[in-house]
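Let me begin by presenting the structure, written as structure tokens, before commenting on it.
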Amino acid sequence: MTTSDLLHHPLKVGALTLANRVIMAPMTRARSEQPGDVPTTLNAEYYGQRAGAGLIISEGMPISPSGKGYAFTPGIYTDAQQAGWKRVTDRVHAKGGLMAAQLWHVGRISHHSVLAPNAAPLAPSAIRARSKTFAFDDNGLPGMVDCDMPVAMDKDDIARVVEEFAEAARRAMAAGFDMVELHAANGYLLEQFLSVSTNQRTDNYGGSLINRARFVLEVVDAVIEAVGPERVGIRLSPWCPPAVNDMDFQVQAREIVLYLATGLSARNIAYIHLAEWPSGAYSTEFRSALRTAFEGAILVCGGYDQEKATTVLEQGFADAVAFGTAFIANPDLPERFARGAPLAQADTNTFYGGGARGYTDYPYYSPIGASTP
């Protein structure tokens, strides 16, 4: 591939103009200062190394104490966390990059060890996830533990969480982020409302397709009011399988996503970001229908390499492609794509938790030897 590859063309996304279409996908890395889940200078170094991405989408950041489900994930609900993220965005901007904050409420994918004392996970319905999360065991040691039984959210809980998303968006802007992305994918709270497998409510937030989409759109509206539609994106994952956080987003997946896409287009948000399950398997018909329904940018993510990414751009089904694992091991991924350089392989043993090893020590490519980021 050469620099004429569509991946290296600029792209207008909402209020931003991206230098290229190689997006850094959101990836939990479980590194933050304790206590307090505060971003550190190490986080700033990690993201700054990857500022060559057209847009960096941060790891999911819990919007509130009740939104947390994993140990060591940096949040965006305290002054200290906001100041920590400001160090991160300052580093990214100093290197010419752009960054979106992914706003995250895990819903039922949580455990009491990472929540406030006596608190239970929140969910649309009291249905326990048959999956695990990274929290603390009975001995206080970090590791994979079974998710707890959630409580069904009442109307006050719903209103409070909507406002927590809006406040997190305001904090993200104050911390220097260029956009926010709402995490409505991969089995977390917003998607839990969309799926009939996790939403068995009988009020106006459950039952019909329109009712199940209501909470997501209320969150979108609150965040738009907080920061403006041109700085809002959303991540969706239709057909998310049970293997992902015990989610089964199959029934009416096409219909509800296209319904959301129409509503999101009317609201003029910047982009929809698809986490594809299974990777790359969406039909041409669905991709065409989504393109018709939504006038903003479409980002795709899930098992793409450079060739597949270029193809989906050439077909007109997407405007940019997000890469996850490849960005962990290749901080200069867009440059490697442009030069046709080989890609380094990531060490899966260092994905979650720890320090600099497997986080900030992957080198840039050099034809005469590795270079320091």
Residue, surrounded by the fewest Cβ atoms within 10 Å (Cβ to Cβ), within the stretch 15-53, restricted to residues that are farther than 21 Å from ILE234 by Cα and polar (S, T, N, Q): GLN34
Every pair of residues 6+ apart whose Cβ atoms lie under 6 Å, when the first sits in the stretch 231-248 and is hydroxyl-bearing (Ser, Thr, Tyr) while the second is assigned to a strand (DSSP E or B) and crowded, with 24+ Cβ neighbours inside 10 Å: SER237/ALA275
Of the criteria (1) more than 27 Å from PRO242 (Cα to Cα); (2) at pLDDT below 95; (3) of a type in the set (Phe, Trp, Tyr), which one TRP277 fails: (1)
Which listed residue is under 27 Å from VAL38 (Cα atoms), touching a Phe, Trp or Tyr at 6+ places or on another chain (Cβ under 9 Å) and of a type in the set (Val, Ile, Thr), from VAL161, VAL257: VAL161
If we take the stretch 263-343, then strands (runs of 3 or more DSSP E) inside it with 2 or more residues that are over 24 Å from THR28 (Cα atoms) and in contact (Cβ under 8 Å) with a residue 24 or more places away in the chain are none
Take the residues of the stretch 147-185 that are small (Gly, Ala, Ser) and assigned to a helix (DSSP H, G or I): which is surrounded by the most Cβ atoms within 10 Å (Cβ to Cβ)? ALA172
If you take the residues in the stretch 186-210 that are among the polar types (S, T, N, Q) and surrounded by fewer than 16 Cβ atoms within 10 Å (Cβ to Cβ), which one is nearest to GLN252 (Cα to Cα)? SER208
Residue among ALA53, ALA71, ALA80, ALA30 that is in contact (Cβ under 8 Å) with a residue 12 or more places away in the chain and out of contact with any Gly (no Cβ under 7 Å at 6 or more places or on another chain): ALA71
Show the residue pairs meeting these rules: Cβ distance below 7 Å; 6+ apart or different chains; first residue within the stretch 133-160 and within 23 Å of ASP246 (Cα to Cα); second residue among the hydroxyl-bearing types (Ser, Thr, Tyr) and outside any loop (DSSP other than H, G, I, E, B). ALA135/SER113; PHE136/SER113; VAL145/THR133; CYS147/THR133
The stretch 93-127 - residue that is among the aliphatic types (A, V, I, L, M) and under 18 Å from the mean Cα position of the chain (by Cα) and, of those, surrounded by the most Cβ atoms within 10 Å (Cβ to Cβ): LEU103
Picked from the stretch 68-83 (must be in a helix (DSSP H, G or I) and within 19 Å of the chain's Cα centre (by Cα)), the residue surrounded by the fewest Cβ atoms within 10 Å (Cβ to Cβ) is GLN82
Tally the residues that are in contact (Cβ under 8 Å) with a residue 24 or more places away in the chain, assigned to a strand (DSSP E or B) and out of contact with any helix residue (DSSP H, G or I) (no Cβ under 9 Å at 6 or more places or on another chain), restricting the search to the stretch 344-373. 0
Can you tell me which of (1) under 25 Å from VAL161 (Cβ atoms); (2) among the charged types (D, E, K, R); (3) surrounded by fewer than 18 Cβ atoms within 10 Å (Cβ to Cβ) is the one LYS12 doesn't meet? (1)
Quickly run through the stretch 184-207 and pick out the residues that are small (Gly, Ala, Ser) and closer than 18 Å to TRP239 by Cα. ALA184, ALA185, GLY187, SER195, SER197
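The values are calculated or read from the model by the stated rules, or taken from the named source; none is laboratory data. A quick note: this is a predicted structure, and the numbers were derived from the prediction, not measured. Reconstructed Cβ throughout: ideal geometry from the backbone, glycine too, with neighbour counts over all protein chains shown.
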